[in-house]
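The values are calculated or read from the model by the stated rules, or taken from the named source; none is laboratory data. Everything numeric in this text was worked out from a predicted model, so none of it was measured. Methodologically, a virtual Cβ is constructed for each residue, glycine included, from the backbone with ideal geometry; neighbour enumeration extends over all protein chains shown. Protein only, heavy atoms only, side chains kept; ligands, DNA and RNA dropped before computing areas. Shrake-Rupley method; radii C 1.70, N 1.55, O 1.52, S 1.80 Å.
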Amino acid sequence: MKTLFVIMMLSASTAVAGWLPDPAITPGATRVVTVKELCTTSTKAVRHTTSATKAAVYRKYGEVPRRSPECTGPSNSCFEVDHLVPLEVGGADVIENLWIQPYDGDFGAHIKDKLENLMHRKVCRGEISIQDAQKALMENWIDGYKKYFAR
């Protein structure tokens, strides 16, 4: 009985990686930034996610990093460590804003990249506020994608 309890506790402490992050692990985080800073400054100055931090994110989601030949579909997907709220719209480079996002599927990492780029352009054009761009990505980026790409 003790062993069963321990297994249940271990399985409850890790999340399954998917198209949306587990909000208990990755609630998202932002930094204070102006529109001018977002639109004229590279994110290199605020991008400093270490290998150790990336490994910790993988552990939290119960996954291990894999290289391309080992990635064959949904049951053995490859992931990237991604910012839920991207640095390009004022996301913070902290573990609370990081998750492992699968590359494959209808809403894989490359699809989210399109929304991130669109949100950055819209903020810089004055079409939406930084807060609205952050909200579109933080609350449910798939809904944000559907809204802004009318899918």
> Label Ser129 and Lys146 with points 7 Å out from Cα along Cα→Cβ: what is the distance between them in nm?
Replying inline: 2.5
>> Taking θ = phi - 60°, what integer Hz values does the Karplus form 6.51 cos²θ - 1.76 cosθ + 1.60 yield along region 34-44, in sequence order, with x for Gly and Pro?
In response: 9, 4, 4, 4, 4, 8, 10, 10, 5, 7, 4
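Averaged per residue, what accessible surface does region 20-151 expose to a 1.4 Å probe, in Å²? Walk me through the numbers on the way to the answer.
Details: 7190 Å² over 132 residues.
Averaged over the residues of region 20-151, the accessible area is 54 Å².
Between rounded, prolate and oblate, where does region 74-151 land on the alpha carbon gyration tensor, with a ≥ b ≥ c its root eigenvalues, rounded for a/c under 1.5, else prolate if a/b exceeds b/c? Mind dumping the intermediate values first?
Details: a/c = 2.37, a/b = 1.41, b/c = 1.67.
Oblate shape, in that a/c is at least 1.5 and b/c is the bigger or equal ratio.
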>> Quick check: residue separation of Val46 and Arg121 times 0.36 nm, minus the Cα distance between them. What number comes out in nm?
In response: 25.1 nm
